[in-house]
Amino acid sequence: MFDFLFEYRGLIVGTIFIALIATVIWAIFYGRNLIRTERTDAVFGNPERALGGWHWVITGVSAILIVWIYFSWDAARAFNPKAANELCQVGKLSSAINPIRSTFPLDDGFLKGTSLLVRENKQLNGLADQVERLGFSDAEKSKAKETIDLMRKAIIGMTSPEFLDSATDAKFKEIVSKIDGLTSKLADQNYPGDPTAEQIAAAEKNPRWGDSGNEIPAAPASPRGYKFDAAAKEMKTIATDFSKIRNNNSNFLAQVEKLKGQIASLDTLVQASPGTDELLVANRADFVKGLTRVLRRVDDGNIFPPDALNNVQSALVNLDKEQKNQQGGLRYYDALMMPGGEIRAGSNSCSEQGSGRWLPKPSDTLRTFARISDPEIGYKGYPLLWYKMKPFGEMVDFIVPDFISSLVPGHYPRHDTNGIVTPNFKSKVRDFATGNFESFKVPMPSGHVWDSLLRVLAGLFFGIILGVPLGLFMGLSRFSKGFFDPLIELYRPVPPLAWAPLILTIFGIGDDGKIFLLFMVAFAIMVISARTGATGTHLSKIHAAHSLGATNRQILRKVILPNSLPEILTGIRIAIGVCWGTLVAAEMLAGTTGIGFVENVARKQSDYEIIWTTIIILGLLGLLFDLMMRWVIDKFIPWRGKG
Amino acid sequence: MSDLVAKDLSMVFDVDTGGQVHALNNVNFTLKSGELLSVLGPSGCGKTTLLNIIAGFNHPTGGAVYLGDEEIKGPGVNRGMVFQQGALFEWLTVSENVDFGLRMKGTDPKKSKKMVDEWLDIVGLAGFGDIPTYQLSGGMQQRIALARCLINDPDLILMDEPLGALDALTREKMQSLVLKIWKETGKTIMIITHSVEEALLLGERLFVMAPRPGRLHKEYNLPFAERGVTEDTRDIKNSEEFIETREEILTMIWDMEEEIMGQV
Ligand SMILES: Nc1ncnc2c1ncn2[C@@H]1O[C@H](COP(=O)(O)OP(=O)(O)OP(=O)(O)O)[C@@H](O)[C@H]1O
Ligand SMILES: [Mg+2]
């Protein structure tokens, strides 16, 4: 029904965003104007000064919405829906460049060869230190030292420019020319030429931004997009070529061969006389292994003379510059409208990082909400809030306790010899109590929200009807205070969720367990508030009632109960809040319906739109309850605090 | 008729800090039916304690109080009480407060409605029946407390500083009201006050109590209450006899206070 609205949600969100900003500006000017024209009599500290100010309410709400729309990139999508797609292509190029880029100290850190050397030198120094401590014989010792020295020489074989193979150098030159070529292609207006039919088809098949979860259309769809996409592909092959280049000059290879022999002979030497100390034996083996490992890493040939790569680096810097240049306004749009995160390209899709990931767009959230509100769809095959035709008998079964049939005198009927059962009164009562009779159907609310509501209300109901009388008596009688206080104080300080695993095991994961858990929560709160109310009754009122001839019962009902009402209602208000919190957590632990269940499933699927939807539903329901309680308090005890 | 008789009345409180407070020590008096007694004394001399015992809220540690032939063992409808701060039930309307006692007895609503209207008229609050009590001023609340107590037709009316919280003007009007009601109904009234003028004006008899231990210090028989029924109260207050008695009692109480200060 609202599909039409969601079709144009970009436009709508854009309009709303601008309207919100206008509202905030207006409200600020209005407020300033008001301060100038209105002469307030109240001095600082007088609560009068906090009265009114509805325009600040509007400002506050608008500010929250602006922040939400802005940081969730809803505004960005509204004003330039193509931006995400183009940034995705830019992301592709960036991730293609990355393997080469990370070799150089461009963003931060060392040249890759330098950091490798730092590491290997540290290892070698460590090994050299160990030589003395391993209890080697003199022969072994000198052999080990020799090996380490040779290793250092081999490294010099890589870092010294005079040994660098001319073939390797030529390969670098080729890479440089390829990168330069790509740079000039990027600058070329016509690169990469018209899109192929395949590309156009892929672009048309793109999902729209936010169509399913956090998907961002990945196929290029604009001239700039085609350019970056093509450049990314070329860059990938260049990067692969680059990563294949090794510093395998003949001098170095000869040294490596020599080293291998050296280590092998050291190994045989060490193994020949292992000694008896097991720890020492293990440490010596580790020493030899350490040498082998350093050799293997050095053998990779990833270390080059310090200046050998300078040309590649400057070519890369040029490419970087051109790449930024080609983004043009997109870069500023990215910085301004998509704060806190970026769009990254994975192997074949793009995704939002940062706030865009866990803060869903308001318009998408609304659409998701509209979708799961549809009783036909719901969540996990169960509507959020709808009605269902249920036989009246089911309600009777729910309300009338089954055991009343057992109280009826007599026996249940027994089948006769013809195998026929004739019902008697007792069995009829049983049929009635279990709802086992033909009945008309009545509409009953059902759904996740209703289930949660029902659980809270049921827990609250039992908590109130049992807790209030007990609380009053505890306020009035020494026996009940002394007797029940320890029982309540034993379970009350335990956080309700700590009870949950136990209670859910005893009562099952259905409604019973949750209702009992909520009952426990509400009961303790109601007992305490009713007790406070009862003990807070003014003595003179009790005295007055006594001398007006009221009996104890009358005093309880006509004086103490009304006098405790403010505390009781405040207790109910608190209990509702605590019950909500407990319920959602309990539903997350176990169960197959309820708002907490919905949120838990959504959490497992990282479906942030549903998570936010449930958060909003919970917030609104909580607010509704609180407003209701406030209304009840204003309506029924206007005399509160005025006695 | 039923006289109020106090015999060797003593009240000792155990204090948290370990000591004992002799709030009342050997108090003996007889209050005849229809008499108007005012009780005066420095703060803490046991006036409220005495009243609470008579009302039946507390049991004395020694001695007993009799109303007529019966010993007082607990609160009862035959003794009405008016407190310093109304002690109205703020969740009820004015008329619901006034007919509280009748409702507790289960009186026919029609009959009680008539009585409520009569009493509201007497205390000058006709037409205020449906207003919630918390919306009324202090003086109005005190008049309702008076009506609520009187509608039960008690033999004895006990008042603990009933006019203490009122402004001077309202106070004077209320004093006249009390005198009027006393004269018209002929009830026995015992009224505690901090104001010497009020005690003189309202008391047909006057007890001055002394503290530590709380006891009756001096008793007066006064003509002013009788005169107040007919004469203007302001003239009475300006009469020489009134001023003389007032000064005498004031000096007496001053001396007592000074004695207390000296002890501390
Ligand atoms: N429940 C109690 N426990 C202990 N001591 C008490 C208690 N009630 C009264 N007292 C003490 O008994 C003494 C008399 O108290 P009471 O309230 O009768 O004084 P009062 O004459 O009414 O004083 P005021 O004029 O200030 O009302 C005081 O010293 C008081 O501290
Ligand atoms: Mg007192």
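The values are calculated or read from the model by the stated rules, or taken from the named source; none is laboratory data. Computed from a predicted model, the values in this text were never measured in an experiment. Neighbour counts run over all protein chains shown; Cβ positions are idealised from the backbone, glycine included.
Listing for the model above:
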{"read-out": "Qualifying residue in segment B:58-69 (condition: within 16 Å of ligand 2 (Cβ to nearest atom) and at negative phi)", "value": "yes"}
{"read-out": "Criterion violated by residue B:13 - all others in (1) more than 14 Å from chain A (Cβ to nearest Cβ); (2) buried (at least 17 other Cβ atoms within 10 Å of the Cβ); (3) within 16 Å of ligand 2 (Cβ to nearest atom) satisfied", "value": "(2)"}
{"read-out": "Hey, residue A:569 within 14 Å of chain B (Cβ to nearest Cβ), out of contact with any Gly (no Cβ under 9 Å at 6 or more places or on another chain) and either closer than 25 Å to residue A:517 by Cα or surrounded by 21 or more Cβ atoms within 10 Å (Cβ to Cβ) (or both) or not", "value": "yes"}
{"read-out": "Residues located in segment B:125-151, provided they are more than 13 Å from chain A (Cβ to nearest Cβ) and of a type in the set (A, V, I, L, M, F, W, C)", "value": "B:125, B:126, B:128, B:140"}
{"read-out": "Residue match in segment B:218-237 (condition: surrounded by 23 or more Cβ atoms within 10 Å (Cβ to Cβ), in contact (Cβ under 8 Å) with a residue 40 or more places away in the chain and away from ligand 1 (no atom under 16 Å from the Cβ))", "value": "yes"}
{"read-out": "Index of the failed condition, residue B:63 passing every other in (1) at pLDDT 85 or above; (2) more than 14 Å from chain A (Cβ to nearest Cβ); (3) not in a strand (DSSP E or B)", "value": "(3)"}
{"read-out": "Residues of segment A:522-547 classified as assigned to a helix (DSSP H, G or I) and within 12 Å of another protein chain (Cβ to nearest Cβ), total", "value": "9"}
{"read-out": "Qualifying residue in segment B:209-217 (condition: more than 14 Å from chain A (Cβ to nearest Cβ), within 16 Å of ligand 1 (Cβ to nearest atom) and either without any contact (Cβ under 8 Å) to a residue 12 or more places away in the chain or on the phi > 0 side of the Ramachandran plot (or both))", "value": "yes"}
{"read-out": "Segment B:119-159, subset in a loop (DSSP other than H, G, I, E, B) and polar (S, T, N, Q), residue modelled with the lowest pLDDT", "value": "B:137"}
{"read-out": "Positions within segment B:21-54 being without any contact (Cβ under 8 Å) to a residue 60 or more places away in the chain and more than 9 Å from ligand 1 (Cβ to nearest atom), in sequence order", "value": "B:30, B:53"}
{"read-out": "Within segment B:90-120, tally of residues that are more than 14 Å from every other protein chain (Cβ to nearest Cβ) and under 22 Å from the mean Cα position of the chain (by Cα)", "value": "1"}
{"read-out": "Residue count for segment A:245-272, restricted to those that are closer than 15 Å to residue A:144 by Cα and either buried (at least 16 other Cβ atoms within 10 Å of the Cβ) or touching a residue at least 40 places away in the same chain (Cβ under 8 Å) (or both)", "value": "9"}
{"read-out": "Filtered residues of segment B:66-89 (kept if within 15 Å of ligand 1 (Cβ to nearest atom) and not in a loop (DSSP other than H, G, I, E, B))", "value": "B:81, B:82"}
{"read-out": "Failed condition for residue B:6, given (1) assigned to a loop (DSSP other than H, G, I, E, B); (2) surrounded by 18 or more Cβ atoms within 10 Å (Cβ to Cβ); (3) away from ligand 2 (no atom under 16 Å from the Cβ)", "value": "(1)"}
{"read-out": "Test result for residue B:86, over 30 Å from residue B:248 (Cβ atoms), within 16 Å of ligand 2 (Cβ to nearest atom), at pLDDT below 90 and buried (at least 21 other Cβ atoms within 10 Å of the Cβ)", "value": "yes"}
{"read-out": "Among the residues listed as B:43, B:33, the single one being away from ligand 2 (no atom under 14 Å from the Cβ), closer than 18 Å to residue B:191 by Cα and outside any strand (DSSP E or B)", "value": "B:33"}
